[in-house]
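Working notes, beginning with the structure itself.
Readers should treat all values here as calculations from the given coordinates under stated rules, not as data from a laboratory. Just so you know, these numbers come straight off a predicted model, no measurement behind them. Glycine also receives a Cβ, built like all others from the backbone with ideal geometry; neighbour counts cover every protein chain displayed.
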Amino acid sequence: MTEENNAVTNFLDKYKYIIGVIIIIFLLVLAFIFISSQAKANKIEEASKLYYNWNLNVLNDNIEKSDEYLNELLNDYEDTGYAKLALLQDSTKEFEQGNADTSLNQLLRLKDLTAGPRGNKLLHKIASINIARINIDQAEYDNAISILTSLPNSSQDAFVTELMGDIYLKQGNTSESRAQYLSAAEMYADENNEVGQRLVRMKIANLK
């Protein structure tokens with residue numbers, strides 16, 4: 001036991017500086033993780049307050065104040081979920097008020113913020129589809145097709161496929177529109193989505 005104790009003592013004495021550095025680095029990493037998590041929690045809390053106040057002022061038609069809260073939320077907390085939801089909500093409001101270009105810019109920003117492996121796939125898809133819809137309204141059909149086909153597994157998505165059929169119909173490409181509608185109808189059937197299937201069948205019946 002004495003030899004073992006001596007070996008341990010010698011090892012600690014020989015490498016005490018290295019061990020000390022390792023311990024300090026470990027403690028610094030733990031401190032960084034703790035501080036970062038606290039900062040992130042505080043940031044989310046602040047974003048939630050701005051989001052709540054923005055919604056409250058929108059409901060009360062306080063345009064100046066609501067714009068102030070929205071700008072702060074988007075400028076200082078755009079990486080939070082609250083900012084992304086606000087972008088989606090406000091883009092819808094702007095479109096309904098006839099401000100299609102403003103709505104489009106907000107959706108493009110939302111699309112960029114939710115892109116990538118760590119992005120929000122659902123919000124990214126919603127933003128992309130709404131961008132495509134505005135493109136269709138503005139007769140920017142190629143842009144709409146590009147946006148939709150860039151979505152992951154777009155060819156296996158019934159709604160996206162149906163929307164592609166709408167675009168080809170707008171372009172006067174009836175045969176390709178029919179093919180997209182038929183494909184969408186099959187997908188809706190596989191999903192047991194009777195409403196979607198019925199609507200697509202009506203579109204197919206109306207094709208000339």
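Residue by residue, here is whether (1) surrounded by 14 or more Cβ atoms within 10 Å (Cβ to Cβ); (2) farther than 18 Å from Asn135 by Cβ holds:
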site	(1), (2)
Ser66	yes, yes
Tyr77	yes, yes
Tyr82	yes, yes
Leu85	yes, yes
Gln89	yes, yes
Phe95	yes, no
Leu108	yes, no
Pro117	no, yes
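Based on what the data block shows, is Leu113 without any contact (Cβ under 8 Å) to a residue 40 or more places away in the chain, among the aliphatic types (A, V, I, L, M), more than 28 Å from Gln171 (Cβ to Cβ) and surrounded by 18 or more Cβ atoms within 10 Å (Cβ to Cβ)?
Numbers: without any contact (Cβ under 8 Å) to a residue 40 or more places away in the chain: yes; among the aliphatic types (A, V, I, L, M): yes; more than 28 Å from Gln171 (Cβ to Cβ): yes; surrounded by 18 or more Cβ atoms within 10 Å (Cβ to Cβ): yes.
So Leu113 fits the description; yes.
Before we move on, is Ala144 within 24 Å of Ser183 (Cβ to Cβ) and among the hydrophobic types (A, V, I, L, M, F, W, C)?
Values: within 24 Å of Ser183 (Cβ to Cβ): yes; among the hydrophobic types (A, V, I, L, M, F, W, C): yes.
Criteria met by Ala144.
Quick check on Glu194: is it free of Cβ contacts under 8 Å to residues at least 12 places away in the same chain and under 30 Å from Pro117 (Cα atoms)? Steps first, please.
Numbers: free of Cβ contacts under 8 Å to residues at least 12 places away in the same chain: yes; under 30 Å from Pro117 (Cα atoms): no.
So Glu194 fails the test.
Could you check segment 50-95 and list, in sequence order, the residues that are of a type in the set (D, E, K, R) and within 21 Å of Leu123 (Cβ to Cβ)?
Matches in segment 50-95: Glu72, Asp76, Glu78, Asp79, Lys84, Asp90, Lys93, Glu94.
Report yes if some residue within segment 121-135 is touching a helix residue (DSSP H, G or I) at 6+ places or on another chain (Cβ under 9 Å) and loosely packed, with under 15 Cβ neighbours inside 10 Å; otherwise report no. First the steps, then the outcome.
Within segment 121-135, the subset touching a helix residue (DSSP H, G or I) at 6+ places or on another chain (Cβ under 9 Å) is 123-135.
Remaining after also requiring loosely packed, with under 15 Cβ neighbours inside 10 Å: none.
Scanning segment 121-135 turns up no residue that is touching a helix residue (DSSP H, G or I) at 6+ places or on another chain (Cβ under 9 Å) and loosely packed, with under 15 Cβ neighbours inside 10 Å.
Where in segment 79-181 are there helices (runs of 4 or more DSSP H), lying wholly inside it, with at least 1 residues that are under 30 Å from Tyr52 (Cα atoms) and of a type outside the set (S, T, N, Q)?
Values: elements: 81-96, 100-113, 121-137, 141-149, 158-170.
Result: 81-96, 100-113, 121-137.
Taking the condition of being more than 15 Å from Lys93 (Cα to Cα), in contact (Cβ under 8 Å) with a residue 12 or more places away in the chain and either of a type outside the set (A, V, I, L, M, F, W, C) or not in a helix (DSSP H, G or I) (or both), how many residues in segment 48-64 meet it?
Final tally of qualifying residues: 3.
What do you reckon, is Lys203 on the phi < 0 side of the Ramachandran plot and surrounded by fewer than 16 Cβ atoms within 10 Å (Cβ to Cβ)? I'd like the intermediate steps shown before the answer.
Numbers: on the phi < 0 side of the Ramachandran plot: yes; surrounded by fewer than 16 Cβ atoms within 10 Å (Cβ to Cβ): no.
Criteria not met by Lys203.
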